[in-house]
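Input: a single structure, listed below in structure tokens.
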Amino acid sequence: MFVDKAKIYMKAGNGGNGFVSFRREKYVPNGGPDGGDGGKGGDIILRTDTGMNTLVDYKYKKHFRAENGEGGSKRNCHGKNANDLVMIVPVGTVVKEAESGKVIVDMNEEHNEYVILKGGKGGLGNQHFATSSRQAPRYAERGQEGKEIWVVLELKTIADVGLVGFPNAGKSTLLSVVTNANPKIGNYQFTTLTPNLGMVTLKSGKSFLMADIPGLIEDAHKGAGLGFEFLRHIERTKVLIHVVDAAGTEGRNPLVDIEKINNELASYSEKLAQKPQVIAANKIDVILEGDDIVERIKEEYEPNTRVFPISAVAHKGLDELFNAVATMLENSEFETIEFEQEYFIEDEEENYSKFTVTKIADDYYLVEGRGVEKMIGYTNIETEQGLDFVQKFVKEHGIIDELKRQGMKEGDTVKIYDMEFEYME
Ligand SMILES: Nc1nc2c(ncn2[C@@H]2O[C@H](COP(=O)(O)OP(=O)(O)OP(=O)(O)O)[C@@H](O)[C@H]2O)c(=O)[nH]1
Ligand SMILES: [Mg+2]
């Protein structure tokens with residue numbers, strides 16, 4: 001089965017919690033804090049493997065979670081870091097955020113390993129929170145939550161040459177006669193349902209990879225037919241061979257066909273429309289005598305786009321066509337088409353500045369958030385300086401504004417982790 005799209009969920013491991021404990025030794029009545037740190041949660045890593053060429057592995061199993069880090073323990077014992085979860089994808093997989101469709105990473109040849117989700121950091125044990133005036137901190141940091149995300153994996157085959165054209169134009173036939181690929185060929189529309197790939201090897205020994213996709217029809221970009229979905233497979237090919245049924249065996253006008261396909265390409269993307277193209281005027285074995293259709297196509301499109309009369313079935317004109325394509329591949333400078341990152345998984349900083357305020361009773365509010373928690377952990381609020389610092393922090397981070405918005409008045413209590421404050425204007 002050829003699966004070229006999959007929607008999956010992934011979550012990095014949570015960090016282990018820091019630990020609260022105190023040394024107990026003979027002859028030492030009140031030992032210092034010795035709670036160890038939590039271990040780091042596992043990352044989710046994407047890795048390409050050239051031996052893999054479909055996304056079938058992601059069709060049935062859809063949830064992927066990396067392990068959580070172990071909690072810290074007494075006697076400064078550090079919790080174990082979790083193993084990373086490595087997910088293997090085919091080369092050419094583009095990973096997009098599921099909801100927005102924005103690109104996170106393009107797993108092309110150069111980008112063969114990518115940490116998509118970082119595991120949560122382990123929380124610090126209480127040993128880190130001792131200060132000269134606060135020697136027995138009963139506080140330890142919680143492990144950071146591993147990030148999670150739904151993504152769509154899309155396999156965009158990396159072929160040098162792509163075949164486009166109406167259904168029944170002879171694309172699959174052409175692929176089958178010059179490569180060892182064995183695509184389905186039939187005299188009915190949409191014989192090809194999934195993309196096919198084949199290696200073309202010329203007499204000169206040169207070779208390139210060619211992709212055949214289902215036929216396009218007019219209004220394909222509005223959802224008609226099948227082919228439009230598959231255009232992404234030829235988005236990064238270097239040259240397009242536009243196959244047209246020059247004999248008009250289905251009663252259509254080849255000149256109109258070419259124009260319609262070009263319009264469909266342009267409505268998919270400007271890049272596709274601008275791609276170097278040659279026209280393969282196919283089925284010349286059945287063109288009626290005296291029909292000058294090939295000349296008329298040439299008149300319309302040459303010299304910008306070269307036109308090659310061929311017969312895929314009768315193996316006519318194929319050397320000329322493919323030699324010209326090979327020369328185009330050789331002589332032109334092609335930028336490697338890479339999909340640039342458009343979606344950035346929320347970074348640390350942002351995470352730290354987030355907080356939530358919950359109204360628990362009429363005069364009682366709860367403030368939570370990683371940045372807030374850390375601030376409280378580090379601050380010795382038993383000193384005036386420490387208290388000042390907390391006040392400044394909650395003001396500057398918009399926490400007071402939010403509390404007021406939820407109705408806090410003078411005299412109400414605000415709980416921030418293990419601290420309670422009375423609000424005064
Ligand atoms: N006479 C003649 N028939 C051809 C030639 N090339 C292909 N055909 C026929 O045209 C029909 C369609 O060929 P396919 O190769 O399946 O066409 P396709 O473009 O891949 O079609 P879709 O997969 O539906 O998009 C088949 O019956 C082929 O035998 C040719 O050069 N001459
Ligand atoms: Mg086909």
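The values are calculated or read from the model by the stated rules, or taken from the named source; none is laboratory data. Bear in mind that the values here come from a model prediction, so they are computed numbers and not experimental data. Quick reminder, even Gly has a Cβ in these numbers, built from the backbone with ideal geometry, and neighbours come from all protein chains shown.
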Looking only at the stretch 283-297, and only at residues there that are outside any loop (DSSP other than H, G, I, E, B) and closer than 12 Å to Ser311 by Cβ, the one that is farthest from ligand 2 (Cβ to nearest atom): Val294
Boolean, Glu346 is in contact (Cβ under 8 Å) with a residue 60 or more places away in the chain, more than 27 Å from Gly125 (Cα to Cα) and among the charged types (D, E, K, R): no
Some residue of the stretch 130-153 being within 16 Å of ligand 2 (Cβ to nearest atom) and among the polar types (S, T, N, Q): no
Residue that is farthest from ligand 1 (Cβ to nearest atom) [pool: residues in the stretch 184-204 that are touching a residue at least 40 places away in the same chain (Cβ under 8 Å) and among the polar types (S, T, N, Q)]: Ser204
Number of the condition not met by Ile279 [criteria: (1) surrounded by fewer than 21 Cβ atoms within 10 Å (Cβ to Cβ); (2) without any contact (Cβ under 8 Å) to a residue 40 or more places away in the chain; (3) closer than 27 Å to Thr327 by Cβ]: (1)
Positions within the stretch 137-166 being within 9 Å of ligand 1 (Cβ to nearest atom) and either over 30 Å from the mean Cα position of the chain (by Cα) or of a type in the set (Lys, Arg) (or both), in sequence order: Phe166
Cross-chain or 6+ apart pairs with Cβ under 9 Å, the stretch 303-326 first and hydroxyl-bearing (Ser, Thr, Tyr), then within 16 Å of ligand 2 (Cβ to nearest atom): Thr305/His242; Ser311/Gly170; Ser311/Asn282; Ser311/Lys283
Qualifying position, being in the same structural domain as Ile217 (by TED's automatic domain parsing) and either near ligand 1 (Cβ under 6 Å from one of its atoms) or free of Cβ contacts under 8 Å to residues at least 12 places away in the same chain (or both), among Ala181, Ala169: Ala169
Residue within the stretch 217-225 that is in contact (Cβ under 8 Å) with a residue 60 or more places away in the chain and either part of a loop (DSSP other than H, G, I, E, B) or surrounded by fewer than 17 Cβ atoms within 10 Å (Cβ to Cβ) (or both) present: no
Tally of residues being part of a loop (DSSP other than H, G, I, E, B), in contact with a Leu (Cβ under 9 Å, 6 or more places away or on another chain) and away from ligand 1 (no atom under 13 Å from the Cβ) across the stretch 205-216: 1
Ala181 surrounded by fewer than 24 Cβ atoms within 10 Å (Cβ to Cβ), over 30 Å from Arg65 (Cα atoms) and not charged (D, E, K, R): yes
Residue in the stretch 19-32 that is of a type in the set (Lys, Arg) and buried (at least 18 other Cβ atoms within 10 Å of the Cβ) present: no
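Step by step: first the residues of the stretch 155-201, then only those that are among the hydroxyl-bearing types (Ser, Thr, Tyr) and away from ligand 2 (no atom under 11 Å from the Cβ), then the one that is nearest to Ser332 (Cα to Cα). Which residue is that? Before you say what the answer is, go through the steps one by one.
Of the residues in the stretch 155-201, the ones among the hydroxyl-bearing types (Ser, Thr, Tyr) are 157, 172-173, 176, 179, 188, 191-192, 194, 201.
After this cut, where a residue has to be away from ligand 2 (no atom under 11 Å from the Cβ) as well, the list is 157, 179, 201.
Working: Thr157: 21, Thr179: 23, Thr201: 19 Å.
If we take residues in the stretch 155-201 being among the hydroxyl-bearing types (Ser, Thr, Tyr) and away from ligand 2 (no atom under 11 Å from the Cβ), then Thr201 is nearest to Ser332 (Cα to Cα).
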Residues (farther than 12 Å from Ile400 by Cα, modelled with pLDDT of 85 or more and either buried (at least 17 other Cβ atoms within 10 Å of the Cβ) or touching a helix residue (DSSP H, G or I) at 6+ places or on another chain (Cβ under 8 Å) (or both)) located in the stretch 353-371: none
Single residue of Lys26, Lys11, Lys80 found to be at pLDDT 95 or above and over 19 Å from the mean Cα position of the chain (by Cα): Lys80
